[in-house]
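I have placed the structure first, in the form of structure tokens, so that the comments after it can refer back to it.
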Amino acid sequence: MQFGFYRSIRYAFINLFLVSFIGVILRYKIAFSFPFIDQKHLLHAHSHFAFTGWISHALMVLLLFYLTSKSKQSLNKRYDALILANLISAYGMLISFTIQGYGFWSIGFSSFSIITSYLFSILYWKDLNKIPAFSISHLWFKMALICNALSSIGAFALAIMMATKNLEQNWYLIAVYFYLHFQYNGWFFFAGMGLLNTIVEQMPNIQKKLKIVFWLFSIACIPAFLLSTLWLQLPSTLYLIVILAALAQFIGWIYFLLLLKKNSHFLSIYFPKNTSWLFVLSAMALTIKLCLQLGSTYPSLSQLAFGFRPIVIGYLHLVLLGVITIFLVGYILLISKHNYNKKVFLGVRIFVAGIIINETLLMTQGVAALDYIIVPKIDMMLFTAALIMCLGILYINIQIKHPARTIEPESNL
């Protein structure tokens, strides 16, 4: 089975719809009643499928798209098996987690997805090294692959604890946060920045400055994991390292934004109006995320953040939806150029509106929880927001059923 770029992106959007649809079911079960579904099992299926079936699949395809555009030979066939294996593991986890939660089959498919990611990383690293021209984006891609591998330590530790029923609270949370950190702030973020840099680095006299941004985020990435463990009351030395890591990433991001502002006259060339607003929204969400991350180093704020589940859920959705998903949708539309019609962009606007409403409600719920205030009908409103997102991505899938033309990699991307 051969995966062209268009077909692979179609699978990505279908998977995004499934993620959204499951989100609707989860919100419906909270707001009303759905006794036939185990909430915890479906939640595990939702998160694992979102990571593997939507984001990791989309990133693998987009990284392959870049590699193909820079290589003199077609590389698609060499990765077909890996893309298929990743999809099989994603759907396997979707079904098995829904039925049994953590069990033999779900752990098996999870392990299969990790092995697939290892093989993809090794092959992609080797092929990336064959491209003679130096590119800042290559550094981001390689760091993304390293982080993806590191995140599996948390996943394996979590699977072992679940399989043996040995769930010591602190170690369980450390394993979860370790996996989430190196997925959200590692694999997802560095791969996305790498894709963005394939465009930004084409601006004149900017490569050395972009390299500074890369090193600020890379050096801070591993110690930044400790931001997720502040509830352990870290020693003062480690606590200082945490502050420096959060500060380094914040400075790196502000420096990157200043570079873009300085070269704003070039941005209109690379980012047309019909997609630029998506990148602006993603950048705004990332700015908020980094501000919250820096603020969490303040002890009292850290205790509040980790002590209230609505705040944690709001923060995770800010990154997954506001930063990563909006960026990926924008990037796919950007490199697809005129392949998608205006109706597709209408679906995108509906979907993004649902994200904004959802995040606003989650943050409102989180802030209200600090004073132990229950927002009236919040569950119903969150269900409505999830439904808006689902309808938006459904409309996108309907409209991209028949593309205007086949998308092929272009050498200037």
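The values are calculated or read from the model by the stated rules, or taken from the named source; none is laboratory data. Just so it is clear, the structure is predicted and the values come from calculations on it, not from any experiment. FYI the Cβ positions are ideal-geometry reconstructions off the backbone, even for glycines, and counts take in every protein chain you see.
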**OP:** Check the range 139-153 and report whether any residue there is touching a Phe, Trp or Tyr at 6+ places or on another chain (Cβ under 8 Å), under 18 Å from Gln249 (Cα atoms), surrounded by fewer than 21 Cβ atoms within 10 Å (Cβ to Cβ) and not basic (Lys, Arg).
**Re:** yes
**OP:** Please state which of the following conditions Asn263 fails to meet, knowing it meets all the rest: (1) on the phi > 0 side of the Ramachandran plot; (2) touching a residue at least 12 places away in the same chain (Cβ under 8 Å); (3) of a type in the set (S, T, N, Q).
**Re:** (1)
Original post:
Does Leu82 meet the test of being among the aliphatic types (A, V, I, L, M), closer than 30 Å to Ala133 by Cα and touching a Gly at 6+ places or on another chain (Cβ under 8 Å)?
Top reply: no
Subject >> Residue match in the range 340-358 (condition: polar (S, T, N, Q), modelled with pLDDT under 85 and under 22 Å from Phe189 (Cβ atoms)) >> reply: no
Original post:
Between a first residue in the range 29-51 that is in the same structural domain as Leu94 (by TED's automatic domain parsing) and a second residue that is assigned to a loop (DSSP other than H, G, I, E, B), which pairs have beta carbons less than 8 Å apart while being 6 or more apart in sequence or on different chains?
Top reply: Lys29/Ile37; Asp38/Gly101; Lys40/Gly101; His41/Gly101; His44/Gly101; His44/Tyr102
**OP:** Return only the number of the condition from (1) out of contact with any Asp or Glu (no Cβ under 7 Å at 6 or more places or on another chain); (2) over 25 Å from Ile243 (Cα atoms); (3) not in a loop (DSSP other than H, G, I, E, B) that Ser151 does not satisfy.
**Re:** (2)
Subject >> Selection from the range 192-241 of residues that are small (Gly, Ala, Ser) and more than 27 Å from Ile136 (Cα to Cα) >> reply: Ser228, Ser236
**OP:** Among the residues of the range 210-243, count how many are of a type outside the set (Phe, Trp, Tyr) and over 17 Å from Phe190 (Cα atoms).
**Re:** 16
Subject >> Elements of type helices (runs of 4 or more DSSP H) contained in the range 198-283, each with 2 or more residues being within 20 Å of the chain's Cα centre (by Cα) >> reply: 207-221, 236-262
Subject >> Condition check for Ala81: without any contact (Cβ under 8 Å) to a residue 12 or more places away in the chain and either in the same structural domain as Ile37 (by TED's automatic domain parsing) or in a loop (DSSP other than H, G, I, E, B) (or both) >> reply: yes
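So for the range 219-239 (the condition being closer than 21 Å to Ala149 by Cα and loosely packed, with under 14 Cβ neighbours inside 10 Å), does at least one residue qualify? It would help to see each step written out before you state the result.
Restricting attention to the range 219-239, the residues satisfying the condition of being closer than 21 Å to Ala149 by Cα are 219-229.
From what's left, loosely packed, with under 14 Cβ neighbours inside 10 Å: none.
Checked against the condition, which is being closer than 21 Å to Ala149 by Cα and loosely packed, with under 14 Cβ neighbours inside 10 Å, the range 219-239 yields no hits at all.
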**OP:** Examine the range 275-296 for a residue that is touching a Ser or Thr at 6+ places or on another chain (Cβ under 6 Å) and under 22 Å from Thr360 (Cβ atoms), and state whether such a residue exists.
**Re:** yes
